[in-house]
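Novice: Pasting in a structure now, in structure tokens, and then I'll have a few things to ask.
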Amino acid sequence: MQVELFDTLSRQKKPLEPKDNTVRIYHCGMTVQSRPHVGHLRGYIVMDALRRFLRFKGYEVRLVQNITDIDDKVIEKSRAEGIDWRMLAERNTGELLTVTDALNIERPTVMPRATQHIEEIINLVSQIIEKGHAYESEGDVYFDVRSYPAYGKLSGKRIDELESGARIEPSENKRDPLDFAVWKAAKPAEPYWYSPWGKGRPGWHIECSAMSAHYLGSEFDLHAGGEDLVFPHHENEIAQYEAATGKGFAKAWMHVEMLNLAGEKMSKSTGHLVLASDVFDKYDPNVLRMFTLRVHYRAQTEYTMEGMDEAQAAWERITTFLTAAESLVPEPALASEYPELDEVLSDDFNTPKAVGMVFDLVKQGNEALASGNKDKLAEATAKLNLALEILGFAPRRDRGGGDIQTLLDLLVSFRTELRKAKAFKWADKLRDMIQAVGLIMEDTKEGTRIRFR
RNA sequence: GGCGGCAUAGCCAAGUGGUAAGGCGGCGGUCUGCAAAACCGCUAUUCCUCGGUUCGAAUCCGGGUGCCGCCUCCA
């Protein structure tokens with residue numbers, strides 16, 4: 001099954017056709033000026049699932065995910081806190097990795113930092129100047145937007161229409177208000193690197209052009225990021241790379257829609273957001289993955305407590321089934337193929353449909369469980385395990401190890417004794433106490449069992 | 001002002017020409033000491049609205065209304 005994704009540039013679904021067996025992907029990561037929020041996580045979860053799916057399809061995936069660790073805001077915020085800008089960047093990077101690790105998001109193949117690629121950035125800036133598409137001015141270097149006719153091809157904007165927009169930042173050093181900085185002269189006490197244009201730092205946008213080219217070359221397969229990056233960030237990335245080299249940049253563009261809060265996009269600048277770390281105080285990481293993947297990546301959606309609670313209930317339906325299935329089929333099998341799932345994910349990565357199929361499997365599994373059909377149960381479980389693996393869910397398989405298991409068994413037999421003795425008051429008291437620490441005790445035909453929430 | 005997207009049950013959400021997936025919630029039933037879980041049944045004759053195309057439209061076209069995003073740092 002040929003994988004197709006909606007490409008922002010051509011505005012249609014486009015087959016993914018890597019030149020060899022490796023799919024080269026650049027995913028715009030964070031500018032580590034502040035702590036990660038759940039909006040960031042949406043993109044990371046989608047990309048993680050896509051990567052797993054592509055690997056299932058037999059591809060190698062080279063995923064480059066940048067950390068932009070120097071820019072105006074990084075400097076500004078570190079000053080506000082009175083700490084070194086590198087400390088701020090490191091702290092936020094660390095937190096990002098902590099939350100993505102917790103979410104079972106695989107680390108990218110490379111996670112390049114802007115500050116470690118200054119040489120590549122300077123070379124790219126030099127090339128743009130040589131080609132006559134950028135100019136130096138008082139130590140700044142600006143991209144000359146009007147010199148590059150294709151400018152606007154990704155976002156569908158036209159220069160003259162942008163010009164009439166009222167919110168363009170003017171600068172004395174720019175020839176045209178639309179021009180953007182590819183290199184910025186350092187003001188006193190700002191961090192800097194030596195360059196042909198004096199002490200300075202990269203402009204925002206250039207690091208992504210330079211690092212993607214460095215790790216993936218020209219015409220790599222997919223460039224991904226949040227919808228809000230289409231303009232100007234990705235538009236500028238294309239302009240810089242193509243103007244400098246004359247070669248094509250990314251072959252296809254994938255944009256993940258915004259996660260809104262109270263009807264509005266989450267935003268760092270206004271503080272209108274939910275921190276990633278706050279989610280894990282209340283929810284299992286799989287719940288956020290469920291919440292994310294049950295909506296198509298190109299649809300805006302709303303982050304709400306109700307939505308998360310629903311996702312939690314949905315996730316529990318899966319884990320409850322898995323726990324119950326284990327009692328009959330202890331060895332969790334893994335299907336090797338699942339064409340129907342392949343089909344829906346190949347069609348613009350329709351994870352909501354895939355999630356629907358997961359629940360169909362749970363249904364089939366539960367039916368098999370109710371009727372005692374072991375073969376049917378084994379088949380449903382094997383497919384379910386494959387689907388969960390592809391989507392990146394990580395149900396807890398361990399029961400807490402030997403000592404804990406012994407203790408749990410003890411509690412189960414204690415309740416069994418109490419019920420046998422018709423001491424229901426005490427049996428129920430025990431169940432309530434267990435539940436208070438997050439374990440569910442259930443009486444089934446096969447006896448009492450304990451499951452984790 | 002310019003560009004783009006979306007409107008499907010109480011809620012979330014698939015479906016892009018052939019007669020409405022799935023989840024949550026709710027109601028009834030089975031099972032149970034009671035629960036929980038699970039299973040069975042029910043829960044949108046209809047897809048914002050008005051026109052049009054078609055044998056046939058939630059799906060295509062046009063007009064309205066409403067919401068969101070981008071045009072400024074943002075995933």
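The values are calculated or read from the model by the stated rules, or taken from the named source; none is laboratory data. Quick caveat: nothing in here was measured; it's all calculated off a predicted structure. Neighbour counts are summed over all protein chains in view; Cβ atoms, including those assigned to glycine, are modelled from backbone coordinates with ideal geometry. Note: areas computed on protein heavy atoms with side chains; ligands, DNA, RNA excluded. Shrake-Rupley method; radii C 1.70, N 1.55, O 1.52, S 1.80 Å.
Novice: Quick one: in segment A:284-312, of everything that is in contact with a Leu (Cβ under 7 Å, 6 or more places away or on another chain) and part of a helix (DSSP H, G or I), which residue is nearest to RNA strand B (Cβ to nearest atom)?
Specialist: Start the filter on segment A:284-312 by keeping residues that are in contact with a Leu (Cβ under 7 Å, 6 or more places away or on another chain), which leaves A:285, A:288-289, A:293, A:301, A:303.
Pick out the ones that are also part of a helix (DSSP H, G or I) and you get A:285, A:288-289, A:293.
Values: A:285: 17, A:288: 13, A:289: 13, A:293: 10 Å.
Within segment A:284-312, the match that is nearest to RNA strand B (Cβ to nearest atom) is A:293.
Novice: Run down A:259, A:216, A:273 and say which single residue is under 16 Å from the mean Cα position of the chain (by Cα) and either of a type in the set (Asp, Glu) or buried (at least 16 other Cβ atoms within 10 Å of the Cβ) (or both).
Specialist: Working: A:216 fails: under 16 Å from the mean Cα position of the chain (by Cα); A:273 fails: under 16 Å from the mean Cα position of the chain (by Cα).
After ruling out the rest, the residue left standing is A:259.
Novice: On to the next question. For segment A:112-129, name all the residues that are surrounded by fewer than 17 Cβ atoms within 10 Å (Cβ to Cβ) and in contact (Cβ under 8 Å) with a residue 24 or more places away in the chain.
Specialist: A:123
Novice: Does at least one position in segment A:75-90 carry a residue that is open to solvent by less than 10 Å² (accessible area, probe 1.4 Å), touching a strand residue (DSSP E or B) at 6+ places or on another chain (Cβ under 7 Å) and touching a residue at least 24 places away in the same chain (Cβ under 8 Å)?
Specialist: no
Novice: Then there's this: Of (1) in contact (Cβ under 8 Å) with a residue 60 or more places away in the chain; (2) not assigned by TED's automatic domain parsing to the domain that holds residue A:51, residue A:229 satisfies all except one. Which?
Specialist: (2)
Results for (1) more than 21 Å from the chain's Cα centre (by Cα); (2) of a type in the set (Val, Ile, Thr), shown as yes or no for each residue.
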{"position": "A:268", "(1), (2)": "no, no"}
{"position": "A:294", "(1), (2)": "no, no"}
{"position": "A:299", "(1), (2)": "no, no"}
{"position": "A:313", "(1), (2)": "yes, no"}
{"position": "A:318", "(1), (2)": "yes, yes"}
{"position": "A:329", "(1), (2)": "yes, yes"}
{"position": "A:339", "(1), (2)": "yes, no"}
{"position": "A:347", "(1), (2)": "no, no"}
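Novice: Is it the case that some residue within segment A:232-252 is within 17 Å of the chain's Cα centre (by Cα) and either more than 8 Å from RNA strand B (Cβ to nearest atom) or at pLDDT 95 or above (or both)? Spell out how you get there, then give the answer.
Specialist: Initially, segment A:232-252 is screened for residues within 17 Å of the chain's Cα centre (by Cα), giving none.
Taking every residue of segment A:232-252 in turn, none turns out to be within 17 Å of the chain's Cα centre (by Cα) and either more than 8 Å from RNA strand B (Cβ to nearest atom) or at pLDDT 95 or above (or both).
Novice: Could you list, in sequence order, all residues of segment A:281-312 that are farther than 20 Å from residue A:353 by Cβ and open to solvent by 40 Å² or more (accessible area, probe 1.4 Å)?
Specialist: A:281, A:282, A:284, A:302, A:304, A:305, A:306, A:309, A:312
Novice: If you take the residues in segment A:1-53 that are over 22 Å from residue A:205 (Cα atoms) and of a type in the set (Lys, Arg), which one is most open to solvent (accessible area, probe 1.4 Å)? Write out each step before concluding.
Specialist: Within segment A:1-53, the first condition is being over 22 Å from residue A:205 (Cα atoms), and the residues that meet it are A:1-6, A:11-23, A:38, A:45-46, A:48-53.
Cutting the leftovers down to of a type in the set (Lys, Arg) gives us A:11, A:13-14, A:19, A:51-52.
Working: A:11: 122, A:13: 93, A:14: 73, A:19: 159, A:51: 16, A:52: 37 Å².
Of everything passing the filter in segment A:1-53, A:19 is most open to solvent (accessible area, probe 1.4 Å).
Novice: Would you be able to say whether some residue in segment A:408-417 is within 11 Å of RNA strand B (Cβ to nearest atom) and not polar (S, T, N, Q)? I'd like the intermediate steps shown before the answer.
Specialist: Taking segment A:408-417 as the starting set, the residues that turn out to be within 11 Å of RNA strand B (Cβ to nearest atom) are A:415-416.
After this cut, where a residue has to be not polar (S, T, N, Q) as well, the list is A:415.
For segment A:408-417, residues within 11 Å of RNA strand B (Cβ to nearest atom) and not polar (S, T, N, Q): present.
Novice: Can you tell me which condition residue A:96 does not meet? The list is (1) over 26 Å from residue A:250 (Cβ atoms); (2) of a type in the set (A, V, I, L, M, F, W, C); (3) assigned to a helix (DSSP H, G or I), and all the others hold.
Specialist: That leaves (1) as the condition not met.
Novice: Quick check, is residue A:88 of a type outside the set (Ser, Thr, Tyr) and in a helix (DSSP H, G or I)?
Specialist: Values: of a type outside the set (Ser, Thr, Tyr): yes; in a helix (DSSP H, G or I): yes.
The answer is yes for residue A:88.
Novice: Let me ask something additional. For segment A:177-213, give me each residue that is surrounded by fewer than 16 Cβ atoms within 10 Å (Cβ to Cβ) and within 17 Å of residue A:132 (Cβ to Cβ).
Specialist: Listed by number, the list holds a single entry, A:196.
Novice: For segment A:313-352, name all the residues that are within 11 Å of RNA strand B (Cβ to nearest atom) and among the β-branched types (Val, Ile, Thr).
Specialist: A:318, A:319, A:320, A:323, A:344, A:351
Novice: Which one of the conditions (1) within 12 Å of RNA strand B (Cβ to nearest atom); (2) open to solvent by 20 Å² or more (accessible area, probe 1.4 Å); (3) in contact with a helix residue (DSSP H, G or I) (Cβ under 8 Å, 6 or more places away or on another chain); (4) under 27 Å from residue A:283 (Cβ atoms) does residue A:367 fail to meet, given that it meets all the rest?
Specialist: The one condition residue A:367 does not meet is (4).
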